[in-house]
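First the structure, in the form of structure tokens, and then the observations on it.
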Amino acid sequence: MSVKHALLGLLTENPKHGYDLKRDFDDRLGDIWNLNYGQIYTTLERLVRDGLVELFDEVSQEDRPDKKIYRITSSGRNELRHWLVQPLKHEPRTLRDELFLKLLFIDLTDPELILQQIREQHSVYMAHMMQLTNRKYQIDGSARRAIENTHDDTERRRIERNRLVSLVVLDAALFHAEADIRWLKHSEARIKELV
Amino acid sequence: MTVQLHNVSHEYNYGKVQALRGINLDIRAGQFVAIMGASGSGKSTLLHLIAGLTQPRDGDVIVLGHHLGKLSDNDLTLFRRRNIGLIFQAFNLLPTMTALENVMLPLIIDGKSKREIRARGEHLLRLVQLTDRMDHRPDELSGGQQQRVAIARALMNEAPVLLADEPTGNLDSKSGEDILYLLRELVERENRTMVMVTHDPRAAAYADRIITLSDGQISEELGIVAEVMVS
């Protein structure tokens, strides 16, 4: 995924400084994508260098460096528009799991060792799914309440958009965790059958 | 405690099939509990025991303070009618009745007149977002809408305990999710206790507690601490 385009997208809303960008990003994608301040600031530097973003304002702060506020340039908007209509890469994502390695080297004369690990991993994924579902339920509920309480169409559309993005992202995480659970169950049955 | 199982064991086929072995389980009021497990793990048997549809071979099942094994058949039927709401995978709606009539059915059986219970039936159909489908018969409703009618019916007698057996098993992914959202909302808003049997991890994840059965025993238990709501 592209940090560059994520920051450009967030800056189309209004000028922001690094902290705003981090907060706005986490609100929407923080459940699945950990973006740190280091990545944000190095990407901002690169965007300024390439003329896609410019310094908009500097706010002095006591005992701390000035707060730099950035805004997107017209080249930045063009770059974002171009990226949005580009087709996604048609490549399967890398599939890699430590279990593959363990299966290569573990002593299968004592299958309980690996089966125990599979069961533990299953619990981890299931607990993860509960957390994700809980978060989804909370986001959905607060969006529904916010929509009921607003009469401003633009605000309603903004809430709807953010709700949709959050739910789609959380669904992706949930479907992946579910696939992992199904795979673990299947592997457990396969190992039991083989041994 | 709303539901208590003390050392409950059950078997079928004259002891040839051991469905449950020494189950101990406490479920508090307002909890949403999912029971998971492979086919034959005993999860449906557990639900039937809590519903009082089956009596255990050993141990006690106590629901809302009543030892189900000590109730007469008549008392058990009455207890179930007033305290337990059942939701099934196959909806089990009567095809010749409208959505509203299906919802009112538990209280009609209980001897109430349609006139006095109509307002509650309509309120429940509004609650499950079927305001404009009250006069439709089941074959005029989608699977998700039929399950909503079945949920409204389960709420009609104001039962504090709701039991659901694979409630999303016959629904597509999105309709199933809408039903789960609704069930969780009902548990929270109306302070019901819900026990749901499912083999689907995504359905189970809607619960605040997941109990997994393997070979008739509890093999795993997971719970969630409610997160601080983020607007």
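The values are calculated or read from the model by the stated rules, or taken from the named source; none is laboratory data. Keep in mind that what you see is a predicted model, and the values were worked out from it rather than measured. Cβ placement follows ideal geometry from the backbone for every residue including glycine, while neighbour counts extend to all protein chains displayed.
Taken together, the criteria exclude B:A90 from residues that are under 30 Å from A:A127 (Cβ atoms) and under 18 Å from the mean Cα position of the chain (by Cα).
Could you please let me know if A:L35 is over 30 Å from A:M129 (Cβ atoms) and either within 24 Å of the chain's Cα centre (by Cα) or not assigned by TED's automatic domain parsing to the domain that holds A:L164 (or both)?
On the way: over 30 Å from A:M129 (Cβ atoms): no; either within 24 Å of the chain's Cα centre (by Cα) or not assigned by TED's automatic domain parsing to the domain that holds A:L164 (or both): yes.
Spelling it out, it is not the case that A:L35 is over 30 Å from A:M129 (Cβ atoms) and either within 24 Å of the chain's Cα centre (by Cα) or not assigned by TED's automatic domain parsing to the domain that holds A:L164 (or both).
Restricting the stretch A:91-130 to residues that are among the β-branched types (V, I, T) and surrounded by 10 or more Cβ atoms within 10 Å (Cβ to Cβ) leaves a set whose member that is nearest to the other protein chains (Cβ to nearest Cβ) is A:V124.
Can you confirm whether A:I139 is farther than 23 Å from B:Y206 by Cβ, surrounded by 15 or more Cβ atoms within 10 Å (Cβ to Cβ) and either within 12 Å of chain B (Cβ to nearest Cβ) or not acidic (D, E) (or both)?
Here the answer is no, as A:I139 does not meet what is asked.
In the stretch A:175-184, which residue that is charged (D, E, K, R) and surrounded by 15 or more Cβ atoms within 10 Å (Cβ to Cβ) is nearest to the other protein chains (Cβ to nearest Cβ)?
At the first step, the residues of the stretch A:175-184 found to be charged (D, E, K, R) are A:178, A:180, A:182.
Next cut, surrounded by 15 or more Cβ atoms within 10 Å (Cβ to Cβ) only: A:178, A:180.
Details: A:E178: 5, A:D180: 10 Å.
This residue is A:E178.
Only one residue in A:T133, A:T150, A:T154 is out of contact with any Cys (no Cβ under 6 Å at 6 or more places or on another chain), at pLDDT 90 or above and within 11 Å of chain B (Cβ to nearest Cβ), so which one is that?
Numbers: A:T150 fails: within 11 Å of chain B (Cβ to nearest Cβ); A:T154 fails: within 11 Å of chain B (Cβ to nearest Cβ).
Only one candidate qualifies: A:T133.
Please find, within the stretch B:181-211, the residue that is nearest to the other protein chains (Cβ to nearest Cβ) out of those that are hydrophobic (A, V, I, L, M, F, W, C) and under 19 Å from A:A179 (Cβ atoms).
Start the filter on the stretch B:181-211 by keeping residues that are hydrophobic (A, V, I, L, M, F, W, C), which leaves B:182-183, B:186-187, B:194-197, B:203-205, B:207, B:210-211.
If we keep only those that are under 19 Å from A:A179 (Cβ atoms) too, we end up with B:203-205, B:210.
On the way: B:A203: 9, B:A204: 7, B:A205: 4, B:I210: 6 Å.
For the stretch B:181-211, the residue satisfying everything is B:A205.
Applying the selection to the stretch B:103-133, what residues are of a type outside the set (A, V, I, L, M), over 17 Å from B:E190 (Cβ atoms) and surrounded by 18 or more Cβ atoms within 10 Å (Cβ to Cβ)? Let's see the steps before the verdict.
Narrowing the stretch B:103-133 to residues of a type outside the set (A, V, I, L, M): B:106, B:110-116, B:118, B:120-123, B:126, B:129, B:131-133.
After this cut, where a residue has to be over 17 Å from B:E190 (Cβ atoms) as well, the list is B:110-116, B:118, B:131-133.
Scanning the stretch B:103-133 gives a single hit, B:R133.
Which residues, taken from the stretch A:1-50, are small (G, A, S) and without any contact (Cβ under 8 Å) to a residue 60 or more places away in the chain? The answer is A:A6, A:G18, A:G30, A:G38. Within the stretch A:120-167, the set of residues being over 19 Å from the mean Cα position of the chain (by Cα) and touching a residue at least 60 places away in the same chain (Cβ under 8 Å) comprises A:Q121, A:H122.
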